[in-house]
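Values quoted throughout were computed directly from the atomic coordinates according to the rules given, and no laboratory measurement underlies them. Quantities reported herein were computed from a predicted structural model and do not represent experimental measurements. For neighbour counting, all protein chains shown are included, and Cβ atoms are generated from backbone atoms with ideal geometry for every residue, glycine included.
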Amino acid sequence: MTVLLLLGLSLAILYPISYSGGELNKERGHFFRQLIFVIIGLVVFFVFAFSDYRNWSGVSTYLFLAGLLGLFLVLIFGKTIRGTSGWLSLGLFNLQPVEPFKLIIVVALARYFSLNAKGIGSWKHILTSFIPVFISLMLVLKQPDLGSAVVILGIWLGILLIGGAKKSHLLVLLVSVAIIFLAGWSFFLKGYQKERIEILLHPSSDPLGAGYNVIQSTVAVGSGGFWGKGLGHGSQSQLNFLPEKHTDFIFAVLSEELGLGGALFVLALMAILMLRLFSIAQSSRDNFGRFLVSGFIMIIFIQSVINIGMNIGLVPVAGIPLPLVSYGGSSLVTMLAALGISESVFRKSRKGID
């Protein structure tokens, strides 16, 4: 029910965006495409839910190699959108390989840590598990897609934490990550990425340029009041002041049209969903299932924090979708696939693994 409510909210918000004066706006006809993605995603959910999640362990290596191939191909043949070459054109739709790769890296890490559960806290397994993560990060940063790189890194750290890695080891890793990010300012970050971080601190320094998105988003969030202006009546979104309102800034549209009450409702649904997944992870009868679901929790948590944070001006704009709410087939279908696998873990745990 929680998932259906989030999907319903997504469609309800996208519907007014896709219409202007009662006629379908062909340039922004996201509603019908998202409806198709929802149907496909729900089919995928049920297929995965009624399959055996343990089968993913045996094919994790092949999945990982296929995922790396997708990340590599997008660097050569990728379609550039908003400065990122992260999409492969497949005719009727665009595929964003990094989205299914987030699921794939969870499967790969879950298999590795389930096979080495007793030694998960040792430096040997920490460093060994980081090798595929490092390769993935290099390919994702090459696009460049800093937001997705943060999600992948967060998945790895989250599974280590849930798996019982020593706190001292995690502290060393966090300090190392901080040093790498500081070094990245000089050697890795692109000019526009640095600009996004600088604008986060001083958005008014370039109100019509780099700071425009952040300013318009915070205005939209603040103007909604408690009850909002009503679906389809948000001035920032309907008058096109708010950019990327169907993807990156859909939370701002939601806050303007449904108000603080609607925003809190979405946050509550996300929290309920993650608590449900946490319960499934805890009740799993094997480590593979526990690590799988834990990784999916990390995806939802990190992406929600980043997306909502950039909508309210607390996090640099990173192009990360709000799970189950933002427009986009790659993200939506992948997330429903992850939830389907989680449901499979629950079903097997409830019946007892044979």
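Remark: 60, 217, 51, 284 ranked as 51, 60, 284, 217, counting other beta-carbon atoms within 10 Å and listing the fewest first.
Can you give me the orientation-averaged projected area of the convex hull built on the Cα atoms of the range 98-167, in nm²?
4.3 nm²
Panel order for 270, 310, 138, by other beta carbons found within 10 Å of each beta carbon, from fewest to most: 138, 270, 310. Using the Cβ-Cβ distance between residue 219 and residue 179 with R0 set to 45 Å, the FRET efficiency works out to roughly 0.80.
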